[in-house]
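Everything on this sheet refers to the single structure shown next.
No value in this document is a laboratory result; all are computed from the given coordinates. All figures in this text were calculated on a predicted structure; none of them were measured in a lab. Counting neighbours? That spans all protein chains shown, and the Cβs are built from the backbone with ideal geometry, glycine included.
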Amino acid sequence: MSKFLEIRSKNKDICTLGECGGSITSILQYLLETKVVDGVLNIKKYDDIYDGVPVFITDPKEILETAGSLHCAPTMVADLISEYLDDKKLAVVVKPCDAMAINELVKRNRFNSENLFIIGLNCGGTLMPEPAQRMFELFYDLNPEDIIKEEIDKGQIIVLLKDGTEKGVKIDELEEKGWGRRENCQRCEVKIPRNTDIVCGNWGATEGWTFTEVISEKGVKLINDAVKDGFIESKTPSDKQIEIRAKLEKIMEKLADKFQKKQLNTEYPSIEKWDEYWNRCIECYGCRDVCPICWCNECEIERFFENESLTPPDPLTFQGVRLTHMSFSCINCGQCEDVCPVHIPLSKIYYKAQKNYRENTGYIAGITDELPPLYSPENE
Amino acid sequence: MLIKHTICSFCSVGCGINLISNNGKVVGTYPYKKHPINEGKNCLRGRSSYKDIQENRIIVPHQKQQNKLVESSWEDAFSLINESLKSHSQDEIGIVVSGELTNEENAIIKNFAESRGIKNIGFYSHNFPNFKGYDDLSFANYEDLKNANFLFIIGNIIVDNPLIGRRVFMAKDNGVPVFSADYSDLTTTSINSDKHFKFFSFSDFLDEFPNEIKNELNKDSIIIFNILESIDNFDKLVEIVKKSNSKILPVLPGSNSFGTMNYFLPLDKNELKELLSKIKVLITVEADILTYDDGDNINLHNFDSFIAIDTSLNGTSSIADTILPTSLWFEKSGTFTNTVGTNQSFEKVIEAPETTNSIEHIFSEL
Ligand SMILES: Cc1cc2nc3c(=O)[nH]c(=O)nc-3n(C[C@H](O)[C@H](O)[C@H](O)COP(=O)(O)OP(=O)(O)OC[C@H]3O[C@@H](n4cnc5c(N)ncnc54)[C@H](O)[C@@H]3O)c2cc1C
Ligand code: SF4
Ligand code: SF4
Ligand code: SF4
Ligand code: SF4
């Protein structure tokens, strides 16, 4: 089988419901109907397009409700697998950050990847739902409720309205003014997650098809079987298409690099600013609890704060534990920052620490196969 | 595994939160990033309350026999209660609810009380009065915090109600000056304020309200507070607010304290004690009265009959003559009204245990 394929659903409804030909939805349907997996973990609209929430689906009929990409859904699913679904044969749809978190957890023996089909998505980034809606009001002059679909294409965030019209604004312009994608997404350098079984995306694809890179043996068999059973069809993309995709990946990596320099160096908060940030910390452990990597069995952090008192805590001690315990494994998913009630730009510190560690040891969190030598499981 | 939206039941800010259920049990939380109030951010108490409220859960009716609580059937419990309700006049019966019931449950209880002519009914509001009596006051909403030009905080809001604290920081980041006052000198709120005032008595502080703060107050400033020593404090504060035309943002204790005021009389400690002294039959609805005590003695032992409708065995329900177990917040649907008056509905996350009954059912049997 060719490493690169274009695929789409053979079911007309799924074709239209899906983002780019509904190939993923049909592959998931194949896996459920043939009982190759017990269930599927992916993202579904809860109330509207700004409200994507992870769902665990076992009924193949329900899988149609999950078709389509939600760009205002900065979700994380890796920890859901290790907490609740580690005993299941599972297919999971992942952004690069989810895939990297899975990689880190598998390396820590949190669950077994043999039971897992990992279907990756190329990812240009996600937006926070509330700011995104304000942005559509301010820069698009639209009522966010009239928008039925959003996509990131050709450097623009494009929305589709109920009445069929489209409107796009350049991402650069939005982000210069402090809107657009989450900050960690702007600097995210893994755009095509290759630590998966297959990766899907629209880059380089023919309209109505998904461009797929088949990574693993498991991925090869998955595509073959889904084609054979009539769920999807496939064709081989031209060299030109492959080239376009590679080019887009490069462009996005460069852009991420530019943002990294800005966010982690030239505009990195000063020591005084960090002092101000730490003063805000209410010691809610939200950042730790949401971090897919922070999985010490017996967290040392709580021990620091056993006796509650009126005096403000020393968050530096707490963040210090996290820095030494996990920062080398930070995959820049931004979840810690998303949930911090007092707006501390946490993922900047952790990702900066991983980047330093990477420079010294070559260890790339979420990608490198083995855990770094310094890592000692006794601390876990 | 199933993730569902709900509204946090721990405090009156009204944050959204996702609960994770697995095999019919609530086992965790997941950020609800689309919720306009908190955008996926929750404090520790909000995230752990699903666990805390399941502690000492009581799921079958209990009755006191020879000073010991023993399990009973719903039929026996109802017939005993109904006997005692029948043998007392309406003035001898009292109901104490809490600020954590849904508006729908409040309506049911109010209906019940009215149809029986029961007038001794109310809830402990931690000294906050009914806002209805203050029509000419200007109450701030969360959006106003963004456009304020000065914030004055009384109490440790940043720690007690962090998702209002978040908006204080957003204002601060926009250059809005923030002053604070509290019993303590060193709190997370105080160290994040431009100026902090320590007081020993809230009342005295309001009597000698510092000019430094007074001079900053104007129509675009907001006073945020979550403590009151007495209803008297509120009136003093109102005077200061009216003179300066500023807005207030009172942060109430319970997830539905605001909504409950639309149904029942908010009581301060003395009023609650007075109510209790007048009655012979007490019905509490998820009201853990003994936690309101702070050392002043509230005696719950001298009733002819004490019926606790509750979800758990706590200090108060454990001394009741009858305990009727009801649903936890995530086992029911309904609405809460948050501290700025926004109504928010939420759906049941899991089914309640079969041996419990809803407030609606319980009051239909009484
Ligand atoms: C946030 C995001 C950004 C993307 N950015 C790019 C890009 O820059 N370049 C590119 O080539 N492709 C990108 N894609 C992939 C592309 O949009 C399509 O998802 C892909 O081509 C598959 O199309 P399909 O019709 O086969 O998928 P469908 O059959 O429509 O299935 C889509 C699957 O994605 C899942 N999903 C939806 N939203 C999310 C989410 N937020 N997080 C995790 N899973 C989700 C759904 O649950 C569903 O299983 C992005 C996708 C997402 C979700
Ligand atoms: S961190 Fe990277 S992979 Fe994750 S949502 Fe943002 S851009 Fe996508
Ligand atoms: S530290 Fe923050 S950005 Fe890094 S992996 Fe953990 S949650 Fe993600
Ligand atoms: S989430 Fe923010 S406030 Fe909470 S512990 Fe982490 S840094 Fe502190
Ligand atoms: S601030 Fe209040 S409503 Fe919000 S999460 Fe915390 S306890 Fe819940």
* To do: Have a look at chain A and give its Rg and Dmax from the Cα atoms, expressed in angstrom.
  => 21.0, 66
* **Residue mean of other protein chain beta carbons inside 10 Å, A:283-293** => 4
* **Rough spin-label spacing in nm, given labels placed 7 Å along Cα→Cβ, for B:T291 and A:E137** => 3.6
* Kirkwood Rh, Cα atoms: Rg over Rh of the protein assembly as shown -> 1.00
* **chain B: relative contact order as a whole-number percent, Cα under 8 Å and 6+ apart** => 25
* Asked: What is the sum of charges around B:S79, taking Lys and Arg as +1, Asp and Glu as -1, for the other residues whose C-beta is under 13 Å from the C-beta of B:S79?
  -> -3
* To do: Give the relative contact order (percent, whole number) for the stretch A:129-176; include only Cα pairs under 8 Å separated by 6+ residues.
  => 26
* Asked: Hey, what do the phi angles of the stretch A:139-150 turn into as Karplus ³J(HN,Hα) couplings, whole Hz, using 6.51/-1.76/1.60 and θ = phi - 60°, x for Gly and Pro?
  -> 9, 10, 6, 10, 7, x, 6, 7, 7, 9, 7, 9
* Asked: Which value, in debye to the nearest 20, gives the size of the charge dipole of the stretch B:2-52 about its Cα centre, when Lys and Arg are +1 and Asp and Glu are -1 at the Cβ?
  -> 80
* Asked: Hey, what D do you get for the stretch B:260-338 in µm²/s if you plug the Kirkwood alpha-carbon radius into Stokes-Einstein at 10 °C and 1.306 mPa s?
  -> 115
* Net charge contributed by nearby residues that have their C-beta within less than 10 Å of A:E6 (K/R +1, D/E -1) -> +1
* Check cross-link reach from B:K119 to the lysines: straight Cα distance under 17 Å, and skip same-chain residues fewer than eight apart. => B:K86, B:K110, B:K273, B:K278, B:K280
* Structure fact -> Under the helix-only model (-39500 (n - 2.57) for each DSSP H run of 4 or more, divided by the residues of chain A), the mean residue ellipticity at 222 nm, to 500 deg cm²/dmol, is -10500 deg cm²/dmol
* Asked: Under 5 Å between amide H atoms, partner at least 5 residues away or on a different chain: which partners does A:I43 have, H built in plane at 1.01 Å?
  -> A:V55
* Structure fact -> Counting only DSSP loop positions in the stretch B:17-117, the GluC sites (Glu not before Pro) whose Cβ has at most 15 other Cβ atoms within 10 Å are B:E55
* Report the convex hull volume per residue for the stretch B:2-52, counting only C-alpha atoms, in Å³. => 62
* Would you check the stretch B:131-250 for Lys pairs whose C-alpha atoms are within less than 19 Å, ignoring same-chain pairs closer than 8 in sequence, and give me the count? => 21
* Just A:L70, A:L174, A:L105 to compare: in a GNM of chain A, with alpha carbon springs under 10 Å, which one fluctuates most? -> A:L174
* Nearest 10 degrees, 0 to 90: helix A:271-280 Cα axis against chain A principal axis -> 90
* With springs only between Cα atoms under 10 Å, which of B:P266, B:P250, B:P177 fluctuates most in a Gaussian network model of chain B? -> B:P177
* Asked: Using a simple spin-label model with points 7 Å from Cα along the Cα→Cβ vector, what separation in nm is obtained for B:K146 and A:E65?
  -> 3.2
* For B:S317, what charge total do you get from the other residues with a beta carbon under 10 Å from its beta carbon, if Lys and Arg give +1 and Asp and Glu give -1? -> -3
* **Diffusion constant of the stretch B:128-192 at 37 °C, which comes from Stokes-Einstein with the Kirkwood Cα-pair radius and 0.692 mPa s, µm²/s** => 256
* To do: Give me the distance in nm between label points sitting 7 Å out from Cα along the Cα-to-Cβ direction at B:E75 and A:H343, one decimal.
  => 6.2
* Structure fact -> Stretched fully, the stretch from B:D235 through B:N23 gains (0.36 nm per residue minus C-alpha distance, one decimal, in nm) 71.3 nm
* To do: Can you figure out the FRET efficiency of B:Q66 with B:S277, using R₀ = 25 Å and their beta-carbon distance, to the nearest 0.05?
  => 0.35
* Structure fact -> The farthest towards the positive end of the charge dipole of the protein assembly as shown, of the residues B:S255, A:I63, B:Q66, given +1 on Cβ of Lys and Arg and -1 on Cβ of Asp and Glu, is A:I63
* **Check: the protein assembly as shown dipole with +1 on Lys, Arg Cβ and -1 on Asp, Glu Cβ, in debye** => 2140
* Asked: Taking R0 as 22 Å, what's the FRET efficiency between B:Y183 and B:L137 from their Cβ-Cβ distance, rounded to 0.05?
  -> 0.30
* Asked: Taking every pair of alpha-carbon atoms in chain B, what share in percent sits in each 10 Å bin, from 0 to the bin with the longest distance?
  -> 5, 23, 31, 24, 13, 4, 0
* Restricting to the protein assembly as shown, what percent of DSSP beta bridges are antiparallel, rounded to 5? -> 50
* **Using a Förster distance of 30 Å, the FRET efficiency for A:D146-B:E354 (Cβ separation, nearest 0.05)** => 0.10
* Structure fact -> Counting only DSSP beta bridges with both partners in chain B, the antiparallel fraction in percent, to the nearest 5, comes to 35
* To do: Once you have the Cα-Cα distance between B:H361 and B:E212, take 0.36 nm times their residue separation minus that, and quote the gain in nm to one decimal.
  => 48.1 nm
* Asked: Pulled fully out, how much extra length does the chain show between B:N174 and B:S48, if you take 0.36 nm times their separation in residues and subtract their Cα-Cα distance?
  -> 42.2 nm
* **the stretch B:167-191 and the stretch B:262-334: distance between their alpha carbon centers, rounded to Å** => 36
* To do: Distance between Cα centroids, the stretch A:7-30 to the stretch B:95-147: provide it in whole Å.
  => 52
* Structure fact -> Of B:D204, B:D135, B:D194, the most mobile residue in a GNM of chain B (C-alpha springs, cutoff 10 Å) is B:D135
